[in-house]
Every structure is written in C-alpha cells, then in structure tokens.
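The values are calculated or read from the model by the stated rules, or taken from the named source; none is laboratory data. All of these numbers come straight from a predicted model, not from anything done at the bench. Virtual Cβ from ideal backbone geometry, glycine too; neighbours counted across all protein chains shown. Side chains are part of the model used for accessible areas, which takes the heavy atoms of the whole protein and leaves out ligands, DNA and RNA. Shrake-Rupley method; radii C 1.70, N 1.55, O 1.52, S 1.80 Å.
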Amino acid sequence: FAIQGGCIGFPFIYCSSIKGSIKTALYHRNKDLIYLLGPEQGDAEKYSSPIAVMTSLLISFPVRSLKGIYTNVTCPLLLRRFARYLSMASILNGKYDEIAKKIEKIASIPGKFPATEGFSDRHVIEGLEKAVLCEEVYVAKDLIDERNEVNELRDLIGLDSSESLISLRDDDAKGLMDRSLIRITRIRIDRDRKTVEGGGLWTEEAVPAGAVFATVFLGYSKEYLKWDKLSKLKEYLGDREPWDVVLDNVRYLIIGGDETIGRGIVELKEV
C-alpha cells in the first residue's frame, strides 16, 4: 500500500487512514458499528469517538538475501518504538508491560545482531562466512546472536515460524528499507486524444508485502458513552468494550486507493 515516508526515513500509516479504513470495513459488516468511530458527515449529533487509534509504526520488513531468498529485518529504533506502544497499551492490559521489557532487552544487546535460531545456517554463505542482504549489507557470522527471545518476537508480531528475523544497526536497516520500497511510476492518459492528461508522470511508493506495522487502540469504557446512538449499539456491545467489538468485526483493511489492483490489503492481528 502507499505509505508516508516520515521524518526519520521509515514508513508509517497515518492514524486517520487506519480509522477511515476500519469505518469502511464496518460499513459493509454492520453499519451501526461505524458510530463507535465518530459521527458521519452530515450527522446532526456531534460527539467524540470513544476509540483512539495511534499512527501505525513499522516493526519489520522483508529484504532479499543472497542465500535463503529473504529474511525479515528490524532494528533497535523500530523495536524501541514498538516497546513504547506496548507500554502505552499496558494501561488496558498489564501483560504488555512485560512484553515491552523483553523487546527493550533485544534492542539493547551491544555489538551483536540478535536473530532467530537457525539464521546462520539459512543465510550465511559458506566460505564468505557472512550473510548478504540486498547485495549491500554484509552480516558477519560471528556477530549473529541467535536467541530464543527473537523467536518469541517473530511469533508475537505474526510472522510465520518458518521465517527468519534479525535486528541490524539502525543505519543499515534504514538503507535496506529504502532499497526495499517498491517505486511505481504512473501516468494518466486521455484515451480520446491519446495524450498525457493532467500533470503527467507521478511516482508512488509501496512497502514490500510482508512488512509488519504496529498501532494501539485506546479509548473510553462504554460506561462513559452518553450519545444517543449508544441505544442502537447496546446489543452489540454486551459486556465488551467498544474497541473489542470493532476488532472482532474487522480482520482485513484496505488502505489507500489501489484496492482494485490488489494493493493496500492489510491483516489485523492482536498482540
């Protein structure tokens, strides 16, 4: 899907884009539930949504590997931002605080590259004794630190157990992200005149399939909801909180404007 580059070079997804996509998904499942995300344009009743959605931050992304086809890459900067989100979510569930501490530990390992178990066998080239990523980043075998904690991180963020994951230096990860972006040049044609229409060429950037982002859903408990449309939602809420009801009804989102050509499909998974 199309992304925003952000001020530090890693892509992110605006919270408003996520919220709008969730609303669209709910509209096709149960129109009443869209009011949990705020009023529609033209609604006479104005109120604040009980659900707050944070900007979605990158955690890991796939890159080419000279041996083993590909691996997933993260770095201390991305891990620490993820840990801060988990600490924020611990307000709702204390388990996230413990998870955040484990991720901070991985991000703080000095002089080594924490990786999933079996990473060297899968990616290190015999004779060279290095893994080569995107033809430009060389990872020495003796600096690869295979750890069960990274296996747990891989499982936590929804990667398949057959995939590998490694945490590299921030600068290397940023360079690999830039190399992994898919840049698509597009043009609008006037079919009748067979000429270029409008502003001519433009370029879109898309993250590679398999990139993992994290966001946080926060909000008010349903006991604080006073607006009139709550009466329509009581049967759906039951004993559950608004954010739980939304996530129970939405599994896939389509973000961006390229859904008809198969881009922008995002799967939601709860950590």
* Asked: Given Thr55, Thr71, which one is polar (S, T, N, Q), modelled with pLDDT of 85 or more and open to solvent by less than 20 Å² (accessible area, probe 1.4 Å)?
  -> Thr71
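Does Leu92 meet the test of being outside any strand (DSSP E or B) and out of contact with any Lys or Arg (no Cβ under 9 Å at 6 or more places or on another chain)? Give the derivation first.
On the way: outside any strand (DSSP E or B): yes; out of contact with any Lys or Arg (no Cβ under 9 Å at 6 or more places or on another chain): yes.
Yes, satisfied.
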* Please give the number of the condition Val139 fails out of (1) under 19 Å from Gly158 (Cα atoms); (2) crowded, with 20+ Cβ neighbours inside 10 Å; (3) free of Cβ contacts under 8 Å to residues at least 40 places away in the same chain; (4) not hydroxyl-bearing (Ser, Thr, Tyr). => (1)
* **Filter pass, Lys174 being open to solvent by 80 Å² or more (accessible area, probe 1.4 Å), of a type in the set (D, E, K, R) and out of contact with any helix residue (DSSP H, G or I) (no Cβ under 6 Å at 6 or more places or on another chain)** => yes
* To do: Tally the residues that are open to solvent by 20 Å² or more (accessible area, probe 1.4 Å) and either hydroxyl-bearing (Ser, Thr, Tyr) or assigned to a helix (DSSP H, G or I) (or both), restricting the search to segment 155-167.
  => 4
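For Asp145, are the conditions met, namely being loosely packed, with under 12 Cβ neighbours inside 10 Å and out of contact with any helix residue (DSSP H, G or I) (no Cβ under 8 Å at 6 or more places or on another chain)?
Details: loosely packed, with under 12 Cβ neighbours inside 10 Å: no; out of contact with any helix residue (DSSP H, G or I) (no Cβ under 8 Å at 6 or more places or on another chain): yes.
Taking the combined requirement at face value, the residue does not satisfy it.
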* For Ile8, which of the numbered conditions (1) aliphatic (A, V, I, L, M); (2) modelled with pLDDT under 90; (3) under 30 Å from Leu233 (Cα atoms); (4) not in a strand (DSSP E or B) fails to hold? -> (3)
* **Cβ pairs under 6 Å, 6+ apart, first in segment 24-42 and touching a residue at least 60 places away in the same chain (Cβ under 8 Å), second among the small types (Gly, Ala, Ser)** => Leu37/Ser49
* To do: Exactly one condition in (1) open to solvent by 10 Å² or more (accessible area, probe 1.4 Å); (2) touching a strand residue (DSSP E or B) at 6+ places or on another chain (Cβ under 6 Å); (3) within 16 Å of Gly219 (Cα to Cα) is not met by Tyr35; state its number.
  => (2)
* Looking at segment 123-135, which of its residues are open to solvent by 80 Å² or more (accessible area, probe 1.4 Å) and in contact (Cβ under 8 Å) with a residue 24 or more places away in the chain? -> Glu135
* To do: Could you please find all residues in segment 95-122 being of a type in the set (Val, Ile, Thr) and either open to solvent by 10 Å² or more (accessible area, probe 1.4 Å) or part of a helix (DSSP H, G or I) (or both)?
  => Ile99, Ile103, Ile106, Ile109
* Asked: Which members of segment 151-179 meet the condition of being among the β-branched types (Val, Ile, Thr) and under 12 Å from Val73 (Cα atoms)?
  -> Ile166
* To do: Considering only segment 126-144, state which residues are assigned to a loop (DSSP other than H, G, I, E, B) and either over 29 Å from the mean Cα position of the chain (by Cα) or polar (S, T, N, Q) (or both).
  => Glu126, Gly127, Leu128, Glu129
